[in-house]
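Structure record follows, encoded as structure tokens.
The values are calculated or read from the model by the stated rules, or taken from the named source; none is laboratory data. Note that the structure is predicted; figures quoted are calculated from it, not measured. Virtual Cβ from ideal backbone geometry, glycine too; neighbours counted across all protein chains shown. Please note that ligands, DNA and RNA were not included when accessible areas were found on the heavy atoms of the full protein model with its side chains. Shrake-Rupley method; radii C 1.70, N 1.55, O 1.52, S 1.80 Å.
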Amino acid sequence: MNPDPAGLLPDSVAAELLRRWAEPHRHYHDTSHLVNGLVALETLGGSRLELIAFWFHDAVHSNSTPEDERASAALVADLLEGHEAPSDITEIQRLVMLTAGHLTAPDDIAGQRVCDADLSALGADGDAYRRNVEGIRAELPHLTDQEWVHGRSEFLARFLERGHFFGTDRARGLWEAAARANLRDELENLRLANHSGSIGP
């Protein structure tokens, strides 16, 4: 399922972005992530520029942060020059760059909404969450199982130290509790697998 860019993007820009989101190496950061994130952003009351930023935020994807976000922000200028005001292009680029670390100022409501939409999948139901993790793992085939477990465990533990995952009250009410439970469960399962020796070399 592809999202409808009507009213947001010129046809040529939408076609180029959809081509990128459908690249064969994407298993999580694909059109499903785009669609689900846009729906989440609309639920949070995202503005037109915020929705455009979400279209661009993972347009370049090689699992290299923040290089991917920088390249995606550069693509904003390449594709939208002549279609959007320079000040709007600058704002879209700023919002794209925030998705590198998902850390926003308390008064940056636009940034909070974009980041919350990007993280909304953390609060999916258990089965959907596990499928998402499998997709992320599939995007990192160069990692051994041990490297994956070590790196993923560090990420989860670090993320769980945050006072909250989401910036807006609306997102916290919708996804915070489920997201925190999902991450805790995944981290515990990784630790059990590591201790039992059931992961590969």
Rounded to the nearest 10, the angle in degrees between the Cα long axis of helix 109-119 and the longest principal axis of the Cα atoms of the chain comes to 50
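With Kirkwood's inverse mean 1/r over C-alpha pairs for Rh, give me the Rg to Rh ratio of the chain, two decimals please.
Expressed as Rg/Rh, it is 0.98.
At a 1.4 Å probe radius, carbon and sulfur cover how many percent of the accessible area of the stretch 104-184?
Ligands and nucleic acids excluded, carbon and sulfur reach 52 percent.
Normalised by the number of residues in the stretch 1-151, what is the relative contact order in percent for Cα pairs under 8 Å and 6+ residues apart? Write down the numbers at each step before the final one.
Working: 158 pairs, mean separation 39.2, N = 151.
Result for the stretch 1-151 is 26 percent.
Taking the solvent-accessible surface of protein heavy atoms with a 1.4 Å probe, what is the per residue accessible area of the chain in Å²?
50
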To the nearest 10 degrees, the tilt of helix 145-160 (Cα long axis) against the first principal axis of the alpha carbons of the chain is 70
Counting only protein heavy atoms and leaving out ligands, DNA and RNA, the solvent-accessible surface of ARG158 at a 1.4 Å probe, in Å² to the nearest 10, equals 140
The stretch 1-56 and the stretch 94-161 have their Cα centres apart by a whole-number Å value of 17
Placing each pseudo-label 7 Å from Cα in the direction of the beta carbon, ASP88 and ARG70 end up separated by a distance in nanometres of 2.8
Measuring from the longest principal axis of the C-alpha atoms of the chain, the long axis of helix 67-80 (C-alpha) lies at a number of degrees, nearest 10, equal to 20
Here FRET efficiency (C-beta to C-beta, ASP185 to ALA15, R₀ 35 Å, nearest 0.05) is 0.35
